[in-house]
There are 4 protein chains.
Amino acid sequence: MAMKNVWKEAVSEAVGTALLLATVIGSGIMGERLAGGNVAVALLANSLATGAGLAALILAFGPISGAHFNPAVSLCDALMGGLAWSKVPVYVLAQVLGAFLGVAAANLMFNLPAFFASQHARTGPSQWFSECVATFGLLSIIWGTSRGRSSAVPFAVAAYITAAYWFTASTSFANPAVTLARSASDTFAGIRLQDAPGFILAQLIGAFAATALFRWLLPGLPRSAADVIVPHDGVNNP
Amino acid sequence: MAMKNVWKEAVSEAVGTALLLATVIGSGIMGERLAGGNVAVALLANSLATGAGLAALILAFGPISGAHFNPAVSLCDALMGGLAWSKVPVYVLAQVLGAFLGVAAANLMFNLPAFFASQHARTGPSQWFSECVATFGLLSIIWGTSRGRSSAVPFAVAAYITAAYWFTASTSFANPAVTLARSASDTFAGIRLQDAPGFILAQLIGAFAATALFRWLLPGLPRSAADVIVPHDGVNNP
Amino acid sequence: MAMKNVWKEAVSEAVGTALLLATVIGSGIMGERLAGGNVAVALLANSLATGAGLAALILAFGPISGAHFNPAVSLCDALMGGLAWSKVPVYVLAQVLGAFLGVAAANLMFNLPAFFASQHARTGPSQWFSECVATFGLLSIIWGTSRGRSSAVPFAVAAYITAAYWFTASTSFANPAVTLARSASDTFAGIRLQDAPGFILAQLIGAFAATALFRWLLPGLPRSAADVIVPHDGVNNP
Amino acid sequence: MAMKNVWKEAVSEAVGTALLLATVIGSGIMGERLAGGNVAVALLANSLATGAGLAALILAFGPISGAHFNPAVSLCDALMGGLAWSKVPVYVLAQVLGAFLGVAAANLMFNLPAFFASQHARTGPSQWFSECVATFGLLSIIWGTSRGRSSAVPFAVAAYITAAYWFTASTSFANPAVTLARSASDTFAGIRLQDAPGFILAQLIGAFAATALFRWLLPGLPRSAADVIVPHDGVNNP
């Protein structure tokens, strides 16, 4: 694949991740502002908006770059033999830059500073265990669905994330780029920067465990790993 | 394509847009009346009803006229080489007329005057930036999804709009015809007429930016632009 | 088609309509009991449960009998040349019996009398206009979607009904059998028996109008009318 | 099918059921903690999270083991000639073990003891009738959808369960393994252990009734029973 296609893939990952973060942060702000103190109503809005937005974004950007939007996914996909290792830093960098861009967009839309450090403490064993379970589940959904029903992957991932907001004590960040960027917004969906490393470590452990499990469950998986999350040919065949 | 098919396309755009506006305005009224002051609950109803209704309407009217329901979409589709320029005024006029018809239907269903000017102020840079981001996202979803997964477009657009109600400070009008018509209902989803031009300008900027981006990302897009949002053959092949 | 298949179609319509009514009535009771006086929250539960249940029921019973569950649909399908006129009374009778059976099931599940007359007044021009619009929209969705994308019909109909709960002042009964049966439960979703005829008349007007419109929009529709709502071959080819 | 594939099927059923129970219990805890006493809002979160999570899990684990996650489904599938009787105890044991594992995971994520007996009384005729109707409906959806539209089964089952939380007085457990495991968490979704047998008996009666009905409605069903809930070939063909 030519270098110019790598550029397009990087832009796709960056713009997609930016819109994802704008959705996560923006809907958190809107939900909290309107919910009159009922946190469950705010989280309903936040989780439904995130799930719906994620489905749309995976459908739109998936055919270009796979729509990983998540360094843990790109890393596991490389481990499974899908994404070329030389592309991993490109994907991860694009995801992190896009994530911060999206946070800034959300903050500005709601008349807040582009970046301002979150004071939201999220730490301790049950939070870390939550992130580990959340990311284990996410990668299980991706690997299990990608083999036979790739057209259902956008819906499966989106539905899973909507559910995971609710069944984990951490509201399921499940994404290192998202975790870092959410430290730059002191709003509903934020996290203190010093709590990010614990989350990211737990996420990677969960992601690797699911990848190992599905490699055993489905020995043929590496053959379809290049098509994760969504089959994509870069931009060659329109 | 014969003139009589243009008539049918125009009627399809008008009736579809009318039902869309009835959904937007009507569910806003119902949500606000029943929510007992909790605006987040009202917006949950409004956003879920709009998303669900939009999916159904695109599925039903898409095969006839493409189900644009949106002058920004028709304009960008013409720019991309899809919709014939001679049809653009027909589509836009049908969408605007349909939108006002739908507002009247909603108002009358809830025992209000057919038209009464909204006093809902929606203006300022963060509102305009919100509309720009919202419409940039909408056109990104449309262009990204229409290439490879056209059967998923109705769901992608509906899911995106549901999310965009929440992640933008303006609740994401993202549609010039909808913006104009919402000025004629002084209810939950309304907007003051004098605030409409700012919204419409911001929407067009966002729409053109996304169209330019995807033309670069997917050079082959113009070949499938005639099928936006939903592949449609007018009414020739039943 | 042999007589024994007509029996199976009738049982399919009856059981499907019974489960639909159990969903409508039961989720209305549960929503109202738990919502602590916030009617919007109760209607959210009621509308989401109805839409989700309806999608599942159309998917399951559609391949047997088409999953009309609605005399207005069966009647319009006969007008369009789909359902044989000789089957119309069988379908309608099965739908009405099933609807009352479902109401009884819901009432009994919630420890109420099997049947008890609703005192919920729903009458007047804006209610009738609401039912007319609601059923016009429902038949538009059915006819528009059934031509090209029949596999999407269950989702389109379910999404539309979820939206129509909110955008009509009557919460969109849009179904004569449902209207009659809802008079037999004095709970959230009920309607006074004396108000039923006005609703049913308005529903039929809306249904016929949409059928006429789509016959003009899509002249080829009668050829696919036999497959409404879901392509079904009775039970011949498993 | 080789013994090692049975192991993989068992692990698939166990991990999938564990994630399902983590979703049911975890989202119940989170919903109740955040809802500020509005039980309808808590149940909205609980039911939407369960439905969304279930769709994702069936899509991911279905291609490996069918994604029964439910002894009533495995038993009825054996009765219909699908699952080999020799595998029934393996499936049921894996489901029960997985269910308890998932309850422990949810409890630990929310800083509670891994297991602690529920005090939530759920008993009496209307509760039992509710479970009977709920499971009758579930098996109807599975049998009706699995014949012609197997790719829609994950969505049909998930949508049905979301609805059934609301239209039954028992919030629709509809699953013996889930019922047993929910006795080990004294939280929102719990049930007293002594109430479990009544629920399980009612569930089996409903499941068998639906299986008998659909065997009559669709005589060809046994031919597709081996593909319930999702067509799966174990792990042979990647």
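The values are calculated or read from the model by the stated rules, or taken from the named source; none is laboratory data. Small disclaimer: the values here were computed from a predicted structure and weren't measured. Backbone-built Cβ (ideal geometry, glycine too); neighbour counts: all protein chains shown. Quick note on the areas: whole protein, heavy atoms, side chains included, nothing else; ligands and nucleic acids left out. Shrake-Rupley method; radii C 1.70, N 1.55, O 1.52, S 1.80 Å.
For this structure, a couple of remarks:
- Residues along segment A:127-157 losing 40 Å² or more of accessible surface when the other protein chains are present rather than the chain by itself (probe 1.4 Å): A:F129, A:I141, A:R147, A:R149, A:F155
- If you wrap segment A:107-238 in the convex hull of its Cα atoms and look at it from every side, the mean projected area works out to 9.8 nm².
- HN-Hα J in Hz across segment C:184-193 - Karplus 6.51, -1.76, 1.60, θ = phi - 60°, x for Gly and Pro: 9, 9, 7, 10, 3, 9, x, 8, 4, 4
- Restraint check, B:K8/B:K87; A:K87/D:K8; B:K8/C:K87, Cα-Cα greater than 24 Å: A:K87/D:K8; B:K8/C:K87
- Among B:G36, B:G190, B:G137, residue whose mean-square fluctuation peaks in a GNM of chain B (springs only between Cα atoms under 10 Å): B:G36
- Cα gyration tensor, the protein assembly as shown - rounded (a/c under 1.5), prolate or oblate: rounded
- B:H232 accessible area, 1.4 Å probe, all protein chains in place, Å² to nearest 10: 40 Å²
- Computed about the Cα centre, the dipole magnitude for chain D is approximately 220 debye when only Lys and Arg (+1) and Asp and Glu (-1) carry charge, each at its Cβ.
- For segment B:154-168, the Karplus equation 6.51 cos²θ - 1.76 cosθ + 1.60, evaluated at θ = phi - 60°, returns couplings of x, 6, 5, 5, 5, 5, 4, 5, 4, 5, 5, 3, 9, 9, 10 Hz by residue, with Gly and Pro reported as x.
- Pseudo-label separations to other copies for B:P89 - Cα-to-Cβ vector, 7 Å, nm: 5.7, 5.7, 8.1
- Amide H partners (placed H, <5 Å) of D:S185, local residues excluded: D:F116, D:S118, D:I191
- Segment B:163-238 versus segment C:21-83: alpha-carbon centroid distance in Å: 31 Å
- Ranked order, D:V228, A:V15 - accessible area, probe 1.4 Å, largest first: A:V15, D:V228
- Label-point spacing at C:R33 relative to the other copies reads 2.7, 2.7, 3.9 nm, in ascending order, each point sitting 7 Å out from Cα along Cα→Cβ.
- Average projection area in nm² (convex hull over Cα atoms of segment B:123-197, one quarter of hull surface): 5.1 nm²
- Three-way shape label, chain B, alpha-carbon gyration tensor, a/c 1.5: prolate
- Of all DSSP beta bridges confined to the protein assembly as shown, the antiparallel ones make up roughly 0%.
- Per-pair calculated FRET efficiency, R0 = 56 Å: D:R223 and A:S126 via Cβ, rounded to 0.05: 0.70
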